[in-house]
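Asks: Below are the structure tokens for one structure; questions will follow.
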Amino acid sequence: MIYLSRKMYFSAAHFYRVEEWSEEQNRRMFGLCSHVHGHGHDYTLDVMVKGELNSKSGIVVNITDIDWVMKSVVRKELDGKFLNKENPFFQTKVPTTENIVSYLWDSLEGKMENCQLYKIRLRENDFLYAEKESSSMVRLTRKYHFSTAHRLHSNQLSDEENLELFGKCNNPYGHGHNYYLEVTVSGEPDPITGMVDNLSTLDQIVDEEIMNRFDHKHLNLDTEEFKDLNPTSENVAVVIWNLLAPRIPKLFKIGLYETEKNYFEYYGPGVY
């Protein structure tokens, strides 16, 4: 089985509102997104399909065929539109990133020959994207940034072993990184709000549990979590999961960028 993806860009405007709610209720749930005149985004859409390799042509499907199907949906129904006003589906459904990715899945599924739709990722901005596969579940990922210092040093190894294993990262005074943290939740979008999880609540929890603990700190010297635990990015990812999981029931995955070249994922016990 071969998996291939195609990228497309489009722009759209929208607002988040439940008409039956008061202005105060909408503002409390959706924040600035509830503004009646709307706001907009430049979306990035990644569509991944899967299929068997054709031995004669050496391809699964002609990329131009995928383009044609994507454009027939996106350009006609989403691109350059005010979704609440111009798309019938979003006149009754809040156009959250979760609902848009579900709408795209339903619009594209079964439309491509010689391949099968496998996954859709819709990126609203650099810090928020949603993903959809064949199940009813949608995954929503929120990205955060924090800066911290650490020294890679294990109390279970000798000084010589630590230096050999970690090299300059074993510097006694430590070194630092700009970490980027991805917190992914998974679930069915709420039929009223269109959200898998409330972003403002998610932001507050991450701020309280992660940012306040680790941002602009020296992990080895300033935190209880790494007082006796080597603050490798693997361990940082696990610690972050353990801090967030009790407060985020829909938590699916932790992704941690130590640098642009070093990325780590942790799914927690029992997820896979």
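Asks: So for region 41-49 (the condition being assigned to a helix (DSSP H, G or I), out of contact with any Cys (no Cβ under 6 Å at 6 or more places or on another chain) and either of a type in the set (F, W, Y) or under 18 Å from L122 (Cβ atoms) (or both)), does at least one residue qualify?
Replies: First pass over region 41-49, keeping only residues assigned to a helix (DSSP H, G or I): none.
The answer is no; no qualifying residue exists.
Asks: Turning to a different aspect of this structure: Among the residues of region 76-97, how many are under 16 Å from H35 (Cβ atoms) and among the basic types (K, R)?
Replies: Qualifying residue count for the region: 1.
Asks: Is it the case that some residue within region 173-190 is under 30 Å from N99 (Cα atoms), in contact (Cβ under 8 Å) with a residue 12 or more places away in the chain and surrounded by fewer than 17 Cβ atoms within 10 Å (Cβ to Cβ)? If you could, list the steps in order and put the result at the bottom.
Replies: First, pick out the residues of region 173-190 that are under 30 Å from N99 (Cα atoms): 179-190.
With in contact (Cβ under 8 Å) with a residue 12 or more places away in the chain added as a condition, the list becomes 179-189.
Subset that is surrounded by fewer than 17 Cβ atoms within 10 Å (Cβ to Cβ): 188.
Yes; the residues of region 173-190 include at least one that is under 30 Å from N99 (Cα atoms), in contact (Cβ under 8 Å) with a residue 12 or more places away in the chain and surrounded by fewer than 17 Cβ atoms within 10 Å (Cβ to Cβ).
Asks: Are any residues in region 224-272 among the basic types (K, R) and within 16 Å of the chain's Cα centre (by Cα), and if so, which ones? Let's see the steps before the verdict.
Replies: Start the filter on region 224-272 by keeping residues that are among the basic types (K, R), which leaves 227, 247, 250, 253, 261.
Those that are among the basic types (K, R) and within 16 Å of the chain's Cα centre (by Cα): K250, K253.
Asks: Give the residues of region 23-53 that are closer than 18 Å to Q91 by Cα and polar (S, T, N, Q), sorted by residue number.
Replies: Scanning region 23-53 gives N26, S34.
Asks: Would you check which residues across region 220-236 are farther than 9 Å from H150 by Cβ and touching a Lys or Arg at 6+ places or on another chain (Cβ under 8 Å) and list them?
Replies: T223, E225 - these are the residues of region 220-236 that are farther than 9 Å from H150 by Cβ and touching a Lys or Arg at 6+ places or on another chain (Cβ under 8 Å).
Asks: Which one is modelled with the lowest pLDDT among residues in region 33-50 that are among the β-branched types (V, I, T) and surrounded by 12 or more Cβ atoms within 10 Å (Cβ to Cβ)? Break it down stepwise before answering.
Replies: So the first thing to find is which residues in region 33-50 are among the β-branched types (V, I, T), and the list is 36, 44, 47, 49.
Restricting the remaining residues to those that are surrounded by 12 or more Cβ atoms within 10 Å (Cβ to Cβ) gives 44, 47, 49.
Values: T44: 98, V47: 97, V49: 94.
Checking each candidate, the answer is V49.
Asks: Would you please name the residue that is farthest from G176 (Cα to Cα), looking only at residues in region 202-217 that are in contact with a Phe, Trp or Tyr (Cβ under 9 Å, 6 or more places away or on another chain) and not charged (D, E, K, R)?
Replies: Residue satisfying both the conditions and the ranking: V206.
Asks: Also, quick follow-up: Under the condition of being touching a helix residue (DSSP H, G or I) at 6+ places or on another chain (Cβ under 6 Å) and over 19 Å from P191 (Cβ atoms), which residue from region 11-30 is modelled with the highest pLDDT?
Replies: The selected residue is A12.
Asks: Six or more apart or on different chains, Cβ atoms under 8 Å: show the pairs whose first residue is in region 227-251 and touching a residue at least 12 places away in the same chain (Cβ under 8 Å) and in the same structural domain as S200 (by TED's automatic domain parsing) and whose second is assigned to a loop (DSSP other than H, G, I, E, B) and of a type in the set (G, A, S).
Replies: N230/S154; W241/G268; A245/G268; L251/A245; L251/G268
Asks: Give the residues of region 131-156 that are in a loop (DSSP other than H, G, I, E, B) and either under 30 Å from V101 (Cα atoms) or free of Cβ contacts under 8 Å to residues at least 12 places away in the same chain (or both), sorted by residue number. Walk me through how you get there before you give the answer.
Replies: Let us first name the residues in region 131-156 that are in a loop (DSSP other than H, G, I, E, B), namely 133-137, 151-156.
E133, S134, S135, S136, M137, Q156 - these are the residues of region 131-156 that are in a loop (DSSP other than H, G, I, E, B) and either under 30 Å from V101 (Cα atoms) or free of Cβ contacts under 8 Å to residues at least 12 places away in the same chain (or both).
Asks: Could I ask something else about it? Mind listing just one residue for me: the one in region 51-98 that is part of a helix (DSSP H, G or I), of a type in the set (S, T, N, Q) and surrounded by 14 or more Cβ atoms within 10 Å (Cβ to Cβ) and, of those, farthest from the chain's Cα centre (by Cα)? Don't jump to the end; show me each part of the working.
Replies: Restricting attention to region 51-98, the residues satisfying the condition of being part of a helix (DSSP H, G or I) are 63-77, 83-86, 88-91, 97-98.
Among the residues that remain, those that are also of a type in the set (S, T, N, Q) are: 64, 72, 84, 91, 97.
Still in the running and surrounded by 14 or more Cβ atoms within 10 Å (Cβ to Cβ): 84, 97.
Values: N84: 24, T97: 11 Å.
Result: N84.
Asks: Checking N125 against (1) outside the structural domain of S200 (by TED's automatic domain parsing); (2) surrounded by 14 or more Cβ atoms within 10 Å (Cβ to Cβ), which single condition isn't satisfied?
Replies: Single failed check for N125: (2).
The values are calculated or read from the model by the stated rules, or taken from the named source; none is laboratory data. Here the structure is a predicted model, which means the values were calculated and not measured. Every residue, glycine among them, receives a Cβ derived from its backbone with ideal geometry; neighbour counts consider all protein chains shown.
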